[in-house]
1. May I ask which residue of GLN72, TRP102, ASN130 lies farthest towards the positive end of the charge dipole of the stretch 65-135, with charges of +1 (Lys, Arg) and -1 (Asp, Glu) on Cβ and the Cα centre as origin?
2. Just to be sure I understand: if I project the alpha-carbon convex hull of the stretch 50-120 onto a plane and average over all orientations, what area do I get in nm²?
3. Shape verdict for the stretch 124-165, please, from the Cα gyration tensor: rounded (a/c under 1.5), prolate (a/b greater than b/c) or oblate.
4. When Lys and Arg each count +1 and Asp and Glu each count -1, what net charge do the other residues less than 14 Å away from HIS116, Cβ to Cβ, add up to?
5. Taking 41 Å as R0, compute the FRET efficiency from the Cβ-Cβ separation of LYS154 and LEU96 and round it to 0.05.
Amino acid sequence: MHIFICGDDVNGNMQIIQYLKTYFNQTNSKSPKIAVFHSGRELLENARQLYAAEEIRIPLETRQGVFSVLAQDIILVETLNRKVIVHTVSEDYELLHSMNYWFRQLQGIDCFFQTHRSYIINMKHVDSFNHSLIWLCNNQYVAYLTRRKYQVFKAAYLSYLGYAQ
């Protein structure tokens, strides 16, 4: 769930955010991603970017056939024992193409980021991160984050969430 708040009243927005966080924590519901924007135009531009990835279908070519999944459902792409695996919310696929192929395919979609030569993650599924690791999808998956990409990833992730640095 995404909640967008727009307006110049920063204190009022912070009160709304605190109320929403408290409500979702008390009801044991999954907390929404909350973003505050200064203008209606900024809100619309970011909302369009966020929802654009939710409509993109990605073909996954495997030995069993070609499967089509929504970009939003891809959690991460990883190289494991010389095999490229796409983890989605419903199942995992062992792919025929290389990691470089997948980097080229996904680089135009704002929610994807290559954190390491062996990992491309979907920022939609990020739970938390530190200087060397990223936890995704309720901490089910862990991806490496190279030290040299930490600052770039942090800026891209905060931008993806709608926060300017």
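Any read-out appearing in this document is the output of simple, stated calculations on the displayed coordinates, not a laboratory observation. These numbers come from a predicted model, not from an experiment. Cβ placement follows ideal geometry from the backbone for every residue including glycine, while neighbour counts extend to all protein chains displayed.
1. Result: TRP102.
2. Values: hull surface 17.8 nm².
Orientation-averaged projected area of the Cα hull: 4.4 nm².
3. oblate
4. Every neighbour counted, the sum reads +3.
5. Approximately 0.80, to the nearest 0.05.
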